[in-house]
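Reviewing the structure listed below.
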Number of protein chains: 2
Amino acid sequence: MIKGLAMAVTIKDVARLAGVSASSVCRALADPARVRPETRERVEHAARELGYHPNRVARSLITGRTLNIGVVLPDLANPFFPSVVKSIQTRARELDYAVFLSDTDEDPAVEVPAIRALAKQVDGFLLCSPRAPDEDLRSFAGEKPIVVLNRRITPFPSVTADSADGMRQAVAHLHALGHRSIAYVAGPRTSWSNRDRQRGLRAATAARGMTLVDAGNVAPTVDGGAAAADLVLATSATAVLAYNDLIALGLLQRFHARGVAVPGRISVVGFDDILVAALVGPPLTTVAIAKEQIGRVGVDLLLPLMAGHEDGTARRVLPTQLIVRGSTGPAPV
Amino acid sequence: MIKGLAMAVTIKDVARLAGVSASSVCRALADPARVRPETRERVEHAARELGYHPNRVARSLITGRTLNIGVVLPDLANPFFPSVVKSIQTRARELDYAVFLSDTDEDPAVEVPAIRALAKQVDGFLLCSPRAPDEDLRSFAGEKPIVVLNRRITPFPSVTADSADGMRQAVAHLHALGHRSIAYVAGPRTSWSNRDRQRGLRAATAARGMTLVDAGNVAPTVDGGAAAADLVLATSATAVLAYNDLIALGLLQRFHARGVAVPGRISVVGFDDILVAALVGPPLTTVAIAKEQIGRVGVDLLLPLMAGHEDGTARRVLPTQLIVRGSTGPAPV
DNA sequence: TTGAAAGCGTTACCAA
DNA sequence: TTGGTAACGCTTTCAA
């Protein structure tokens, strides 16, 4: 016993005080119907008296269930992810699950070890926008229940956003405003969402015979966006679509610094609708995802898997919605 | 065994394959010096062969150490907290600790149960800006190592920001600009930081003989700030200081909506320097805290406690720095 | 240097 | 309905 730390109350202490066996304490607490009311009473009283709370760790050893879920994500500094984590956490609490969090700092190489490290302590994983190669992630198939968010990769169930539709809406909006040439500032090459959005954008522009200019890949951060801004201006594009809001914000910032009018000279569209998108000047037109739903839906998808039901390969696609704000306007003449 | 889930590799499997006892496997892996090189070789080979990773849960049962730390915070949607969590997480990973995260959604009543639920699975806690009453938190003293962030409460070690100095800088700045009447939009009453900042502000304004107007308490969110904006305008104040940046952003937003010039008619100062503070228009003058340090320092304070050393009541106070941006200017004449 | 055995706190099983 | 016993996977004595 470590000095200064109170010894934890165990089931035996309760059993002793209640004058019953440990088995009965266990039953009385887990399934009150299986013991005599009188016993239940005694046990409950003793437990309360001693402030007994069963040790989940010990329990998990025998039951094989930890009541923990692991959440792995690339970067908590990207405001998109805290929203997701929060919704996961909320749903998990409702179900009496605790949440392990692992931020991989956008380093694909850290993901597999991170998952490995948590594997024994969780009943399942929610992988948010994982960056690791398909085959690396697939090595966990069959080992632990896994639901992937913002990426599709067999054989895992997934929750994704309907990027194609979001891009269609954004392009329709810009087309209606007279834009014919759009630049895309891409996010990490390792991001499935990035490829998905790019694909959707390509389809949408092609469908309307518009020009799509590739402005290269940058980090999904404000600095990344700022770095891309000058490249974008050097093209023929009158509008720019960013992989996410942070990049879009960086574009806005740099445009502002250079005295480039938004949307006068160029229109800007983001993706995600993070909180701050509405607060900047001009407020950012962006494609909103039901961020709060992602976590909830993910947990609910994971639940049956953790219970042992092979609900295989559910693919939930959440709707997207273009939010039109001040950063988009008519194309310059 | 649950269908479809691969049976985990245990120490016995390794022992069998290596042709040694479980004890030897344990020793070979934990302290290679205590076994013959040949044995070590055989064990390591077998472990690699089978992909064996010791079960931390089982280990913790006997060692009493989980290598997990629990992080409890009020609201991940407040951009301040993800920064803190990220720095905790980074430091924890360096030390091979995993992080449990619990978001209490600003509900003080949820904190104690949240801590209780995690208690058996962690070696210690980092409580970020806990909202629960002192006595509730103190009930954990002696049970588990706890370090409190953004609040001071005996007998726990704490990491706080030097709010008084931050406020002094902000007030000096406003005073120099000619402001003589300042409004304060307070955050949650249950927030120690709020009281600390308010106290610092009171001292700073008193020291300069300035008027301090109380604009009431609001939720530490953009909406909270927006709600307070009109109240602030109804006072004599020419500058307003908000409990945090989110509130300040809400003020800016509402002022903008009402056509109130910032800083022409009124200057606005925030606290925390969250990412977006620099991105809004006008960019927000704010008091920066070394957010990334908070987590690191917190973990480092927790470490000796978890090792059993009673490092008692260290109190680390991190410096603050006023960041002057566009939202503050000369007082109107 | 090694193996056997005990034990961590709990739940599951089998008898009574 | 209850208690005893085994077992979960691991580490830690204690002997050999």
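The values are calculated or read from the model by the stated rules, or taken from the named source; none is laboratory data. None of the values given here were measured: they were computed from a predicted structure. Glycine also receives a Cβ, built like all others from the backbone with ideal geometry; neighbour counts cover every protein chain displayed.
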Residue count, the stretch B:185-214 (criterion: within 12 Å of B:Y243 (Cα to Cα) and either without any contact (Cβ under 8 Å) to a residue 12 or more places away in the chain or surrounded by fewer than 23 Cβ atoms within 10 Å (Cβ to Cβ) (or both)): 10
Taking the stretch B:232-265 and keeping only residues that are over 21 Å from B:L322 (Cα atoms) and without any contact (Cβ under 8 Å) to a residue 40 or more places away in the chain, one is left with B:L233, B:A234, B:Q253, B:R254, B:F255, B:H256, B:A257, B:R258, B:G259, B:V260, B:A261
Could you give me the residue pairs with C-beta distances under 6 Å whose first residue belongs to the stretch A:85-104 and is within 8 Å of another protein chain (Cβ to nearest Cβ), whose second residue is surrounded by 24 or more Cβ atoms within 10 Å (Cβ to Cβ) and among the charged types (D, E, K, R) wherever it lies, and which are 6+ apart or on separate chains? A:K86/B:D103; A:Q89/B:D103
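Just one of B:P82, B:P74 is buried (at least 16 other Cβ atoms within 10 Å of the Cβ), in contact with a Cys (Cβ under 8 Å, 6 or more places away or on another chain), over 25 Å from B:T10 (Cα atoms) and within 12 Å of chain A (Cβ to nearest Cβ); which is it? Walk me through how you get there before you give the answer.
Numbers: B:P82 fails: in contact with a Cys (Cβ under 8 Å, 6 or more places away or on another chain).
Only one candidate passes the filter, namely B:P74.
I'd like the residue in the stretch A:14-32 that is in a loop (DSSP other than H, G, I, E, B) and touching a residue at least 12 places away in the same chain (Cβ under 8 Å) and, out of all such residues, is nearest to DNA strand C (Cβ to nearest atom). Break it down stepwise before answering.
In the first step, residues of the stretch A:14-32 are kept if they are in a loop (DSSP other than H, G, I, E, B); the result is A:19-21, A:31.
Filter again for touching a residue at least 12 places away in the same chain (Cβ under 8 Å), leaving A:19-20.
On the way: A:G19: 16, A:V20: 12 Å.
My answer is A:V20.
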Of the conditions (1) within 13 Å of DNA strand D (Cβ to nearest atom); (2) closer than 30 Å to B:A119 by Cβ; (3) in contact (Cβ under 8 Å) with a residue 24 or more places away in the chain; (4) within 11 Å of chain A (Cβ to nearest Cβ), B:G51 clears all except one; give me its number. (2)
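For the stretch B:247-273, give me each residue that is of a type outside the set (S, T, N, Q) and either in a helix (DSSP H, G or I) or modelled with pLDDT under 95 (or both).
Let us first name the residues in the stretch B:247-273 that are of a type outside the set (S, T, N, Q), namely B:247-252, B:254-266, B:268-273.
B:I247, B:A248, B:L249, B:G250, B:L251, B:L252, B:R254, B:F255, B:H256, B:A257, B:R258 - these are the residues of the stretch B:247-273 that are of a type outside the set (S, T, N, Q) and either in a helix (DSSP H, G or I) or modelled with pLDDT under 95 (or both).
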Taking the stretch A:89-117 and keeping residues among the basic types (K, R) and under 16 Å from A:L301 (Cα atoms) leaves A:R91, A:R93
Per the filter on the stretch B:108-129, residues without any contact (Cβ under 8 Å) to a residue 24 or more places away in the chain and more than 7 Å from every other protein chain (Cβ to nearest Cβ) are B:A109, B:V110, B:P113
It is to be established whether one or more residues within the stretch B:212-221 are within 14 Å of another protein chain (Cβ to nearest Cβ), under 24 Å from B:G281 (Cβ atoms) and touching a Gly at 6+ places or on another chain (Cβ under 6 Å). yes
So, in the stretch A:119-164, of the ones that are of a type in the set (K, R) and under 28 Å from B:L67 (Cβ atoms), which residue ends up surrounded by the fewest Cβ atoms within 10 Å (Cβ to Cβ)? A:R138
Going through the stretch A:277-303 one residue at a time, which ones are crowded, with 24+ Cβ neighbours inside 10 Å and out of contact with any strand residue (DSSP E or B) (no Cβ under 6 Å at 6 or more places or on another chain)? A:G295, A:V299
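Which of the residues belonging to the stretch B:155-178 are assigned to a loop (DSSP other than H, G, I, E, B) and under 18 Å from the mean Cα position of the chain (by Cα)?
Selection gives B:F156, B:P157, B:D162.
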Within the stretch B:263-314, can you find the residues that are assigned by TED's automatic domain parsing to the domain that holds B:L241, of a type in the set (D, E, K, R) and more than 15 Å from the chain's Cα centre (by Cα)? B:R265
Output the helices (runs of 4 or more DSSP H) that fall wholly within the stretch A:56-143 and possess 1 or more residues being touching a Phe, Trp or Tyr at 6+ places or on another chain (Cβ under 8 Å), or say none. A:80-94, A:108-119, A:134-138
If I filter the stretch B:304-315 down to residues being surrounded by fewer than 17 Cβ atoms within 10 Å (Cβ to Cβ) and at pLDDT 90 or above, which single residue comes out as farthest from B:R168 (Cα to Cα)? B:P304
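Looking only at the stretch A:3-38, filter to residues that are within 14 Å of chain B (Cβ to nearest Cβ) and away from DNA strand D (no atom under 13 Å from the Cβ); which one of those is modelled with the highest pLDDT? Before the answer, list the steps.
Initially, the stretch A:3-38 is screened for residues within 14 Å of chain B (Cβ to nearest Cβ), giving A:3-11.
Still in the list and also away from DNA strand D (no atom under 13 Å from the Cβ): A:3-9.
Numbers: A:K3: 36, A:G4: 40, A:L5: 50, A:A6: 55, A:M7: 67, A:A8: 82, A:V9: 91.
Result: A:V9.
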Considering only the stretch A:273-312, state which residues are within 16 Å of B:L275 (Cα to Cα) and away from every other protein chain (no Cβ under 12 Å). A:D273
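Here are some residues: A:V35, A:V43. Which one is surrounded by fewer than 24 Cβ atoms within 10 Å (Cβ to Cβ), within 12 Å of DNA strand C (Cβ to nearest atom) and not assigned by TED's automatic domain parsing to the domain that holds A:L301?
Details: A:V43 fails: surrounded by fewer than 24 Cβ atoms within 10 Å (Cβ to Cβ).
When all the criteria are applied, what remains is A:V35.
Kindly indicate whether B:L101 is closer than 18 Å to A:L76 by Cα and crowded, with 21+ Cβ neighbours inside 10 Å.
On the way: closer than 18 Å to A:L76 by Cα: yes; crowded, with 21+ Cβ neighbours inside 10 Å: yes.
Here the answer is yes, as B:L101 does meet what is asked.
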